[in-house]
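The values are calculated or read from the model by the stated rules, or taken from the named source; none is laboratory data. None of these values were measured; they are calculated from a predicted model. Here the Cβ is made from the backbone with ideal geometry for all residues, glycine too, and neighbour counts use every protein chain on show.
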Amino acid sequence: MAENWIQTDEVEDVAGSIRHVIRAARFVDEDPLAWKWVVLALHSALQGACVCHLTTTASPVGAVTQRNASEWLAYFEDSRTDPEVKRPKTFLLGLPDLLKAVRRPLSAGGPSDAAGVAISEAELQWLVRFHDGIRNQFVHFEPTGWSIEVSGIPEIAKLVARIIEQILAAGWAFRHLKVEHRQAMNRDLQTLTSMKWSA
């Protein structure tokens with residue numbers, strides 16, 4: 001059997017996650033378990049966009065824990081003179097901390113506009129509950145029955161689309177995307193905002 005490979009990066013992963021939300025949402029009427037993939041793709045798109053926004057040119061610094069950032073900076077310094085120095089592992093901030101970070105002015109990892117991403121305290125708490133109570137339960141599924149209210153997920157999708165649109169407009173996170181790919185991401189975000197979900 002021939003090997004099959006794909007190539008991707010953090011930016012393409014965000015774009016693919018947005019597209020997958022749209023695809024999975026089309027199946028929620030006929031298969032209610034498709035909501036799981038909507039949730040996971042929404043979370044992936046939001047987390048990935050925050051990571052792209054925060055990461056500096058000294059990647060992955062900006063989107064990692066403070067301790068891990070120190071390890072990476074030491075590695076970059078040491079690798080100038082020691083080719084045998086061991087690369088540290090990467091420890092990304094969790095979504096709640098990423099969201100708090102992108103709200104700060106000058107939060108982009110490089111030149112960008114001074115304002116942070118507009119996320120109110122109520123929106124932040126809503127997204128933290130989405131992360132802790134729904135996404136984490138789906139990822140770390142315990143052997144248990146579970147009832148999930150999905151009526152709020154379309155509104156969360158609109159909020160996620162708005163946040164990613166702001167990150168896209170700030171210019172840093174997706175700066176390497178070709179114009180046509182930026183336009184496609186914008187169209188997908190508009191589709192996500194205007195989608196008609198199941199009743």
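Restricting to segment 104-128, name every residue that is surrounded by fewer than 17 Cβ atoms within 10 Å (Cβ to Cβ), closer than 18 Å to R162 by Cα and either in contact (Cβ under 8 Å) with a residue 40 or more places away in the chain or among the basic types (K, R) (or both).
Selection gives R104, D113, A118.
When you scan segment 87-95, do you find a residue that is outside any loop (DSSP other than H, G, I, E, B), closer than 24 Å to V21 by Cα and at pLDDT 85 or above, even just one?
yes
Assess whether T81 counts as being in contact with a Pro (Cβ under 6 Å, 6 or more places away or on another chain), outside any helix (DSSP H, G or I), without any contact (Cβ under 8 Å) to a residue 60 or more places away in the chain and not small (G, A, S).
Taking the combined requirement at face value, the residue does not satisfy it.
Within segment 151-196, which residues are hydrophobic (A, V, I, L, M, F, W, C) and exposed (fewer than 15 other Cβ atoms within 10 Å of the Cβ)?
A169, V179
Give segment 141-168 a look and list any residue that's touching a residue at least 12 places away in the same chain (Cβ under 8 Å) and either among the basic types (K, R) or farther than 20 Å from H43 by Cα (or both), or say none.
K158, R162
For residues that are touching a residue at least 40 places away in the same chain (Cβ under 8 Å), more than 19 Å from A34 (Cβ to Cβ) and out of contact with any Leu (no Cβ under 7 Å at 6 or more places or on another chain), tally how many sit in segment 169-199.
Number of matching residues: 10.
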